[in-house]
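*Asks:* Starting off with a structure, shown below.
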Amino acid sequence: MIKQIESNFKKVFTRLRLIITKAIVDKINDSTEVQLLDVSSLDSEVLKTLERIQEYGLSTVPPAKASAIIGSQGGDRSNSVVLKTGYPQGRPKDKQEGDVTLWDIHGNTIELTSDGIKVTGAEVNINNGTEGAARENDTVEVTIPALSFIVEVTGGAGAPAVGVKNPNPVVVDGFIDSSSGSVKIGD
């Protein structure tokens, strides 16, 4: 009877130990509806074609040798999924509390900090490069569509009243000055 209890307890303990496992990514298949990964666990166990379900609106392809956390329902390795991946070798460090950085292993970053938004990369391409970007001291023309609310008016006789829908489009010419938020691309 004691041997049976010990045997059952050992089986339960083994299953509990196998529920969460750390692993290394070996291979990625991003061509299927759900991304599939082959991984090697720290005890040299190879798990193939594990599903990696990603957050809605954000898709990533982890590099080979990335770290992974594997979840196995009830400790059953035949029913495992990749819960999380990370790449500590390339992670941006020394950020401030509250900062957010979207990054890749190629050195491209989008940083959200208390100082503003900073985009770094070999090339920033907006709309496939077919549209110009406004920069400080550029001349601009802004069209406020008809039936929009005018929130603030500075200067200009005959300007629509604040808070009233404009009956026709309003076109404003000007330039981006140093007090405007500007988009800075490259040097």
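The numbers here are math on the coordinates, done by the rules we state, and not lab data. The shown structure was predicted, so the numbers you read here are calculated from the model rather than taken from an experiment. Note that each Cβ is placed from the backbone with ideal geometry, even for glycine, and that neighbours are counted across all protein chains shown.
*Asks:* Could you run the Karplus curve 6.51 cos²θ - 1.76 cosθ + 1.60 with θ = phi - 60° over segment 3-15 and give me ³J(HN,Hα) per residue in whole Hz, x for Gly and Pro?
*Replies:* Coupling constants for segment 3-15: 4, 5, 5, 4, 4, 5, 5, 5, 4, 5, 4, 5, 4 Hz.
*Asks:* In the neighborhood of SER114, defined by Cβ-to-Cβ distances under 12 Å, what is the net charge if each Lys or Arg adds +1 and each Asp or Glu adds -1?
*Replies:* Around SER114, the surrounding residues sum to -2.
*Asks:* Mind checking the full-extension length gain between GLU51 and GLU97? Use 0.36 nm per residue of separation minus the Cα-Cα distance, one decimal, nm.
*Replies:* 13.3 nm
*Asks:* Would you grab the residues whose amide H sits under 5 Å from the one on ASP138? Only those 5+ places off in sequence or on another chain, please, with H modelled 1.01 Å from N.
*Replies:* Here the answer is ILE176, since their amide H atoms fall under 5 Å of that of ASP138.
*Asks:* Pop the C-beta distance of GLN4 and ARG77 into the FRET formula with R0 = 22 Å and round what comes out to the nearest 0.05.
*Replies:* 0.35
*Asks:* For a quick check: with amide H placed at 1.01 Å from N, whose amide H comes under 5 Å from ASP99's, ignoring anything fewer than 5 positions away on the same chain?
*Replies:* none
*Asks:* Past 27 Å, Cα to Cα, is the threshold; run LYS93/LYS118; LYS22/LYS93; LYS27/LYS95; LYS65/LYS93; LYS11/LYS48 against it and keep the listed order.
*Replies:* Working: LYS93/LYS118 16 Å; LYS22/LYS93 22 Å; LYS27/LYS95 30 Å; LYS65/LYS93 19 Å; LYS11/LYS48 24 Å.
In this structure, LYS27/LYS95 exceed 27 Å between Cα atoms.
*Asks:* Report the charge-dipole magnitude of segment 1-76 in Debye, nearest 20, computed about the Cα centre from +1 at each Lys and Arg Cβ and -1 at each Asp and Glu Cβ.
*Replies:* On the way: 10 positive and 10 negative charges, 89 e Å.
Roughly 420 debye, rounded to the nearest 20.
*Asks:* If you place +1 on the Cβ of every Lys and Arg and -1 on the Cβ of every Asp and Glu, how big does the dipole about the Cα centre of segment 56-97 come out, in debye to the nearest 20?
*Replies:* Dipole magnitude for segment 56-97 comes out near 140 debye.
*Asks:* What ranking do 50-58, 33-41 get when scored by the average of other Cβ atoms within 10 Å per residue, highest first?
*Replies:* Per-residue Cβ counts within 10 Å, averaged per peptide and sorted highest first, yield 33-41, 50-58.
*Asks:* Order these peptides, 139-145, 94-100, by their mean beta-carbon neighbour count within 10 angstrom, highest first.
*Replies:* Per-residue Cβ counts within 10 Å, averaged per peptide and sorted highest first, yield 139-145, 94-100.
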